[in-house]
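The values are calculated or read from the model by the stated rules, or taken from the named source; none is laboratory data. Computed from a predicted structure; not experimentally measured. As a convention, Cβ positions derive from the backbone with ideal geometry for all residues, glycine included, and neighbour counts pool all protein chains shown. Quick note on the areas: whole protein, heavy atoms, side chains included, nothing else; ligands and nucleic acids left out. Shrake-Rupley method; radii C 1.70, N 1.55, O 1.52, S 1.80 Å.
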Amino acid sequence: LQKADILFGNLEGPVSDRGQPVGSIYSFRMAPEVLPVLHQAGFDVLSIANNHIGDWGQEAVADTIVSLKEAGIVPVGGSPEVQIIKKNGVRFGFLAVNDVGAKSDSAWPETIRQAAEKVDLLIVSYHWGEEYQTSPNERQKMLGRLAIDNGAKIVVGHHPHVIQSVERHQDGLIAYSLGNFIFDQSFSMETMTGLLLQVEIQDGIIKEITTGEVKINECFQPQLTSPPLNNLY
């Protein structure tokens, strides 16, 4: 992971010791001690646009955003504003939205268009779809392709907790669900498997896409299977 120029993932809940539980019995909250470890592992950007970020209220959300920044990790999804990271002379933009429960609004395509104009390459993260379904539904396909049509180059999805398909659309890439990475859903092989997606960019164009299957062990640690990476396109 540390070899990546930019490493992105989904943070499925607040990292805070503040707030009160306002969600269901599945109210997620992670200890602040995990943030230096995530940074050490190489994470540069984490999406907080998901259906669990508010499980401990707005105080925990605000604390999470501050703590991520202090740890050197860019939080994305707390607002519709594009987050920009400059790397190797390229402006990479990140947008994230939650489509579980409250659906993304009709202004979202315009938000993507405006963000794409500010950067050289735009990545859009969606928390979407249906849990434990191994195929994307029609809404995922519509939203993913709409994002590419409006200027995004890479669309990354999560929420189903299992791997879904990866497809090319126009000159862009859609990974409908990467599945779990560090998660304690040990009730099935599908939920203990994730997908590592590696995208090589050259001159603002997707040059190569490789994937690696991740197996989560009994301690809920992700481990790449062999062969570690497979060329997809």
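Against the definition (surrounded by 17 or more Cβ atoms within 10 Å (Cβ to Cβ), in contact with a Lys or Arg (Cβ under 9 Å, 6 or more places away or on another chain), among the charged types (D, E, K, R) and under 25 Å from E138 (Cα atoms)), how does D99 come out, yes or no? Show your work before the answer.
Values: surrounded by 17 or more Cβ atoms within 10 Å (Cβ to Cβ): yes; in contact with a Lys or Arg (Cβ under 9 Å, 6 or more places away or on another chain): yes; among the charged types (D, E, K, R): yes; under 25 Å from E138 (Cα atoms): yes.
Considered against the rule, which asks whether it is surrounded by 17 or more Cβ atoms within 10 Å (Cβ to Cβ), in contact with a Lys or Arg (Cβ under 9 Å, 6 or more places away or on another chain), among the charged types (D, E, K, R) and under 25 Å from E138 (Cα atoms), D99 comes out as yes.
For the range 38-85, give me each residue that is among the small types (G, A, S), closer than 25 Å to S106 by Cβ and open to solvent by 20 Å² or more (accessible area, probe 1.4 Å). If you could, list the steps in order and put the result at the bottom.
So in the range 38-85, the residues among the small types (G, A, S) come out as 41-42, 47, 49, 54, 57, 60, 62, 67, 71-72, 77-79.
Narrowing the set further to residues that are closer than 25 Å to S106 by Cβ leaves 47, 49, 54, 77-79.
Within the range 38-85, G54, G77, G78, S79 meet the criteria.
List, please: which pairs have Cβ atoms under 7 Å, are six or more places apart or on different chains, and start with a residue in the range 15-26 that is over 23 Å from E70 (Cα atoms) and end with one that is in a loop (DSSP other than H, G, I, E, B) and charged (D, E, K, R)?
Hits for this filter: P21/D55; V22/D55; G23/D55.
Give me a count of the residues in the range 102-122 that are assigned to a loop (DSSP other than H, G, I, E, B) and either modelled with pLDDT under 95 or open to solvent by less than 70 Å² (accessible area, probe 1.4 Å) (or both).
So the answer is 7.
Filter the range 183-201 down to the residues that are open to solvent by 90 Å² or more (accessible area, probe 1.4 Å) and out of contact with any Ser or Thr (no Cβ under 8 Å at 6 or more places or on another chain) and list them by number.
D184, F187, M189
Every residue in the range 162-182 that is assigned to a loop (DSSP other than H, G, I, E, B) and surrounded by fewer than 20 Cβ atoms within 10 Å (Cβ to Cβ), please.
S165, Q170, D171, F181, I182
Would you be able to tell me the number of residues in the range 12-22 that are part of a loop (DSSP other than H, G, I, E, B) and out of contact with any His (no Cβ under 9 Å at 6 or more places or on another chain)? Break it down into steps so the answer makes sense when it comes.
Taking the range 12-22 as the starting set, the residues that turn out to be part of a loop (DSSP other than H, G, I, E, B) are 12-14, 16-22.
Add one more test, that the residue is out of contact with any His (no Cβ under 9 Å at 6 or more places or on another chain), and what stays is 16-22.
Going through the range 12-22 one residue at a time, the tally reaches 7.
Would you say R139 is more than 27 Å from F28 (Cα to Cα) and modelled with pLDDT of 95 or more?
When the stated conditions are applied, R139 does not pass them.
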